[in-house]
1. I need the full set of residues from the range 69-85 which are farther than 18 Å from residue 233 by Cβ and either in contact with a helix residue (DSSP H, G or I) (Cβ under 7 Å, 6 or more places away or on another chain) or not assigned by TED's automatic domain parsing to the domain that holds residue 237 (or both), in order please.
2. Against the condition in a helix (DSSP H, G or I) and in the same structural domain as residue 145 (by TED's automatic domain parsing), how does residue 88 come out, does it pass?
3. Can you tell me which residues in the range 225-247 are over 17 Å from residue 129 (Cβ atoms) and either surrounded by 17 or more Cβ atoms within 10 Å (Cβ to Cβ) or in contact (Cβ under 8 Å) with a residue 12 or more places away in the chain (or both)?
4. Can you name every residue in the range 1-51 that is surrounded by 11 or more Cβ atoms within 10 Å (Cβ to Cβ) and not in a helix (DSSP H, G or I)?
5. Within the range 69-92, does at least one residue satisfy the condition of being in contact (Cβ under 8 Å) with a residue 24 or more places away in the chain, within 23 Å of the chain's Cα centre (by Cα), over 24 Å from residue 240 (Cα atoms) and surrounded by 15 or more Cβ atoms within 10 Å (Cβ to Cβ)?
6. Which condition breaks for residue 128 when tested against (1) surrounded by 18 or more Cβ atoms within 10 Å (Cβ to Cβ); (2) at pLDDT below 95?
7. Consider residue 134 carefully, then state whether it is out of contact with any strand residue (DSSP E or B) (no Cβ under 8 Å at 6 or more places or on another chain) and touching a residue at least 12 places away in the same chain (Cβ under 8 Å).
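The values are calculated or read from the model by the stated rules, or taken from the named source; none is laboratory data. Fair warning: this is a prediction, and the values are worked out from it, not measured in the lab. Glycine gets a Cβ as well: all are built from the backbone with ideal geometry, and neighbour counts include every protein chain shown.
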C-alpha cells in the first residue's frame with residue numbers, strides 16, 4: 001500500500017473542504033448531483049469515445065497502481081542475475097534452461113530463453129530493448145487515459161456552468177429556482193477543476209512514473225542477461241548492475 005497516495009488525497013480534500021468551511025461555507029454547498037453528472041458523466045463519455053476498449057481496461061487496471069504499485073526490488077533482481085551468471089559459469093548456458101522454465105517474470109524468462117538458445121549478445125540486447133520499448137508504450141496508454149480526463153473535466157465544468165446559467169436566465173421570474181441554477185453553475189466549475197488537478201492529472205503522472213520505473217528495472221535485467229551472454233564473471237556483472245539501483 002502506497003501510504004503517500006492516501007495522504008495526498010486526504011490532504012487535498014481537507015485543504016479544499018477546510019478552506020470552504022473557514023470562509024463560512026458548508027459542505028452541503030459543494031454537493032450537487034446535476035453538476036456531478038455533467039462533469040463526471042461527460043468526462044467518462046468523452047474518454048470512452050476517445051479510447052479503445054483495451055486501452056480503457058488497461059487504464060482501469062492501472063488505477064490500482066496508484067495505491068498498490070508493483071514491487072520492484074532491485075537488489076533481489078540483481079542478486080538473481082548474479083545467481084544466473086554463476087550457474088552459467090559452472091554448467092554452461094544450457095544449465096539455465098530449468099531456471100528459465102521456473103521463472104515467474106515473463107520478461108526475465110524470455111531473456112533467459114534467448115541465452116539458452118545461444119543467441120548472440122547484440123541479438124539478445126535488440127530483442128529485450130524492443131520488448132521494453134513496446135511494453136512501455138502500451139502501459140503508458142493508461143496514463144494517457146487520465147491525462148485525457150484531466151483535460152476534459154474543466155471543460156465539462158464550464159459546460160455545466162453555462163447550463164446552470166441558462167437555467168437561471170430561464171427562470172428569472174421565479175426566484176425559488178434561481179438558487180439551484182446558480183449552485184449548479186458554480187459547483188460544476190469547481191468539480192471540473194478539482195477532479196482534474198486533485199485526481200486525474202496526479203494519477204496520470206503517478207502511473208507514468210511507475211511505468212518508467214518498471215522500464216528501468218527491465219533495463220537492468222536486460223543488461224545483466226547480455227553480460228552473461230558476453231561471458232563476464234559474476235563480480236564484474238555485479239559492479240555493472242550497481243548503477244541501476246544506487247541511491
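1. Hits for the range 69-85 are 69, 70, 72, 74, 75, 77.
2. Values: in a helix (DSSP H, G or I): yes; in the same structural domain as residue 145 (by TED's automatic domain parsing): yes.
Yes, satisfied.
3. 232, 233, 234, 237, 238, 242, 245
4. Correct list: 2, 25, 31, 32, 51.
5. Yes: one or more hits.
6. Here residue 128 clears every test but (2).
7. Spelling it out, it is not the case that residue 134 is out of contact with any strand residue (DSSP E or B) (no Cβ under 8 Å at 6 or more places or on another chain) and touching a residue at least 12 places away in the same chain (Cβ under 8 Å).
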